[in-house]
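What follows is a set of notes on a single structure, which appears directly below.
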């Protein structure tokens with residue numbers, strides 16, 4: 001009975017130890033996921049701030065370039081230089097420098113001086129017709145003296161450009177200069193979370209990593225080559241990511257040999273989730289830790305059982321020994337008597353000497369001799 005209770009207690013202790021170890025490892029994984037999400041959020045904010053500061057500084061420099069161009073065009077036209085010659089100089093500047101484009105208009109917004117000869121472009125104040133270029137129209141009306149636009153896709157094609165423009169010096173016109181914004185995207189990738197994700201995956205700290213925005217659109221994705229990780233999110237994963245962002249809670253679970261961690265990426269003030277990340281970690285080290293704890297629990301259980309069995313045997317003997325000795329002492333002993341064998345010839349009675357024939361034992365006659373009269 002004692003041994004059975006001991007076995008139950010040891011097995012229960014081993015089960016609790018294993019469950020506690022697994023729970024602790026999952027909590028550690030969730031902590032790592034939260035740290036990664038926080039690191040991604042900080043990196044994203046840092047990349048955005050750096051890119052915006054760089055873009056702002058470039059915008060200021062572009063205003064200087066547009067102002068110089070406005071003065072040069074005013075001087076050239078006042079000197080009677082033809083538009084073809086002015087365009088040739090503008091194209092030479094664009095060819096020999098990092099400045100990509102010039103767009104210089106007349107009073108009606110038609111860009112008759114430009115570096116792209118095959119594109120005939122006229123500015124319009126209608127945002128429906130020109131979502132990107134309409135903001136420069138106030139330069140013609142005199143409402144603005146300078147406009148700097150953030151890098152975005154332009155109307156004439158799908159390329160991303162950054163534009164800045166000033167009003168004309170000699171007459172109402174738009175004098176616009178443009179940079180191809182590929183360098184800004186390159187800068188954003190160099191200092192943004194995309195590079196961080198790539199570094200983590202390349203260093204095999206994680207198997208795969210994905211960052212999605214609040215609409216579950218993938219922003220960054222990278223995986224170790226050769227790993228069987230689907231590139232597209234499943235519907236269950238999309239649902240879980242929405243719940244993670246709405247609840248602002250980290251989740252983790254084992255999926256075979258992979259530990260998946262989903263964590264929200266919070267805004268700068270921490271009041272809302274602006275994105276989420278799903279991290280695939282190799283679960284082998286977690287599983288190995290669980291197996292190590294199981295082996296340790298097995299060794300401890302075997303040791304405790306062995307000690308318990310030996311102790312129970314010793315205890316049983318120590319308890320039952322005195323009882324056995326008392327029982328043996330309390331049992332009465334019965335002596336045995338040997339009866340002599342007598343031959344038939346001597347069955348007549350004792351001899352004259354008072355002994356029985358054939359017996360070595362002297363038996364005295366118990367009869368008292370008759371007294372003389």
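Candidates in the stretch 116-144 are the residues that are assigned to a helix (DSSP H, G or I) and under 48 Å from the mean Cα position of the chain (by Cα); of these, the one that is farthest from residue 64 (Cα to Cα) is 134. Being in contact with a helix residue (DSSP H, G or I) (Cβ under 9 Å, 6 or more places away or on another chain), surrounded by 13 or more Cβ atoms within 10 Å (Cβ to Cβ), modelled with pLDDT of 90 or more and not assigned by TED's automatic domain parsing to the domain that holds residue 105 is true for just one of 216, 169, 207. Which residue is that? Within the list 216, 169, 207, the selection yields 216.
Has the stretch 172-182 got any residue that is modelled with pLDDT under 85, outside the structural domain of residue 233 (by TED's automatic domain parsing) and assigned to a helix (DSSP H, G or I)? Among the residues of the stretch 172-182, at least one is modelled with pLDDT under 85, outside the structural domain of residue 233 (by TED's automatic domain parsing) and assigned to a helix (DSSP H, G or I), which makes the answer yes.
Criterion applied to 66, 88, 76 was being on the phi < 0 side of the Ramachandran plot, in contact with a strand residue (DSSP E or B) (Cβ under 9 Å, 6 or more places away or on another chain) and either at pLDDT 95 or above or not in a loop (DSSP other than H, G, I, E, B) (or both), and the one residue passing it is 66.
Only residues that are surrounded by fewer than 16 Cβ atoms within 10 Å (Cβ to Cβ) and under 18 Å from residue 35 (Cβ atoms) were counted in the stretch 255-279, giving 4. Total residues in the stretch 150-162 satisfying the condition of being in contact (Cβ under 8 Å) with a residue 40 or more places away in the chain and in a strand (DSSP E or B): the figure is 2. Among the residues making up the stretch 47-63, those that are out of contact with any helix residue (DSSP H, G or I) (no Cβ under 7 Å at 6 or more places or on another chain) and at pLDDT below 80 are 48, 49. Considering only the stretch 280-291, I want to know if a residue exists there that is surrounded by 11 or more Cβ atoms within 10 Å (Cβ to Cβ), within 30 Å of residue 45 (Cα to Cα) and modelled with pLDDT of 80 or more. Yes, there is a match, as at least one residue in the stretch 280-291 is surrounded by 11 or more Cβ atoms within 10 Å (Cβ to Cβ), within 30 Å of residue 45 (Cα to Cα) and modelled with pLDDT of 80 or more.
With respect to the stated conditions, residue 147 is assigned by TED's automatic domain parsing to the domain that holds residue 57, outside any loop (DSSP other than H, G, I, E, B) and touching a helix residue (DSSP H, G or I) at 6+ places or on another chain (Cβ under 7 Å).
Looking at residue 153, is it closer than 23 Å to residue 118 by Cα and touching a strand residue (DSSP E or B) at 6+ places or on another chain (Cβ under 7 Å)? Here the answer is yes, as residue 153 does meet what is asked.
The values are calculated or read from the model by the stated rules, or taken from the named source; none is laboratory data. Bear in mind that the values here come from a model prediction, so they are computed numbers and not experimental data. Counting neighbours? That spans all protein chains shown, and the Cβs are built from the backbone with ideal geometry, glycine included.
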